[in-house]
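Input: a single structure, listed below in structure tokens.
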Amino acid sequence: MQQQLFDAAYSAFIQDTNLPRSIYEIEGADKCAIEVNSFSKSAGFTGVRLGWTVVPKTLVVDRAEPGKVNSLWNRRQTTFFNGASNIPQEGGLVVLTEQGQRECQAIIDYYLENARIIRTGLLDLGITSFGGENAPYIWMKTPYGMKSWDFFDKLLEETHVVGTPGVGFGPSGEGHFRLSAFGHRENIEAAVDSIRKNLRL
Ligand SMILES: *Cc1c(COP(=O)(O)O)cnc(C)c1O
């Protein structure tokens with residue numbers, strides 16, 4: 001069986017109930033998949049450093065009995081790593097309270113509205129974009145098939161907006177560009193206004 005490592009860092013942004021938020025929503029995943037997740041994006045913990053890994057006891061790995069990877073992982077976590085420090089752990093506990101979950105959801109909704117504002121702005125300019133609906137990032141096709149980095153320079157010079165060249169994520173990202181919805185509303189609006197007014201298409 002093919003083993004999977006599933007990074008669910010952005011699962012809290014998934015609004016569409018037809019989309020899985022966890023790999024374990026897929027039948028049989030507990031036998032072949034490890035899932036990692038983090039408080040970084042769901043609770044604004046980027047830099048604070050707190051996350052978790054699910055290593056099912058039912059995981060089957062070549063030449064090892066079920067439960068072996070789980071026990072090796074536990075050994076690794078409790079010897080090499082020794083766990084996250086108490087300060088982020090206390091923060092994590094607050095995130096997991098009812099009020100914490102409510103406040104995190106409000107922030108996620110805020111970022112998803114930012115994403116909608118960015119998407120709409122690009123759509124009005126006739127730029128093809130993807131994402132930003134169950135994710136905090138909008139992937140746009142660069143106009144005229146420009147190289148990612150050429151578009152980075154153009155966007156910066158003409159509109160004073162910074163984004164991420166798609167090619168930085170690998171060769172398939174060439175010709176694409178990533179805009180982030182993680183920002184204050186007024187900055188997002190100013191950036192979209194500037195793209196509308198100043199980007200020469
Ligand atoms: C931010 C992010 C993470 C989480 O990383 P941390 O080290 O927990 O901050 C994981 N995967 C992706 C794709 C991310 O963007």
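Some observations on this one:
- Of the residues PHE151, PHE80, the one with the largest accessible area comes first in the ranking PHE80, PHE151, computed with a 1.4 Å probe on protein heavy atoms.
- Relative contact order of the chain, taken over Cα pairs closer than 8 Å and 6 or more residues apart, is 15 percent.
- Accessible surface, 1.4 Å probe, highest first, among residues ASP150, ASP16: ASP150, ASP16
- Cα-derived Rg to Rh of segment 102-198, Kirkwood definition: 0.97
- The residues neighbouring ASN74, those whose beta-carbon lies less than 14 Å from its own, together hold a net charge of +4 under the Lys/Arg +1, Asp/Glu -1 convention.
- The residues packed around ARG116, meaning those with a beta-carbon under 13 Å from its beta-carbon, carry a net charge of -3 if Lys and Arg are +1 and Asp and Glu are -1.
- Amide H to amide H distances under 5 Å link PHE45 with SER40, where only residues 5 or more positions off or on other chains count and H is placed in the peptide plane.
- Computed over the chain, the quotient of the alpha carbon radius of gyration and 2.2 N^0.38 Å is 1.22.
- Residues whose placed amide H lies under 5 Å from that of GLU35, excluding near-sequence neighbours: PHE6, VAL54
- Which of HIS160, HIS184 is most accessible, then next, and so on - probe 1.4 Å: HIS160, HIS184
- Gain on full stretching of the segment that runs from ASP16 to ASP150 - 0.36 nm per residue minus C-alpha separation: 44.8 nm
- Crossing angle, helix 148-159 versus the chain [Cα axis fit, 0-90 degrees, rounded to tens]: 50 degrees
- Dipole-positive endmost among THR159, GLN105, GLY175 within segment 102-198 (Cβ charges, Cα centre): GLY175
- In plain terms, the chain from SER71 to SER194 could stretch by 38.9 nm, reckoned as 0.36 nm per residue minus the Cα-Cα distance.
- Set LYS41/LYS197; LYS141/LYS197; LYS147/LYS197 screened for pairs whose C-alpha atoms are more than 28 Å apart: LYS41/LYS197
- Segment 4-96: C-alpha gyration tensor shape, a/c 1.5 cut-off, then a/b vs b/c: oblate
- Highest-MSF residue in the chain out of GLY83, GLY44, GLY183 [GNM, Cα springs under 10 Å]: GLY83
The values are calculated or read from the model by the stated rules, or taken from the named source; none is laboratory data. No experiment lies behind these values; they were computed from the predicted model shown. Heads up, the Cβs are rebuilt from the backbone with ideal geometry, glycines too, and the neighbour counts pull from every protein chain shown. The protein model used for the area step is the full one, side chains on, heavy atoms only, and it has no ligands, DNA or RNA in it. Shrake-Rupley method; radii C 1.70, N 1.55, O 1.52, S 1.80 Å.
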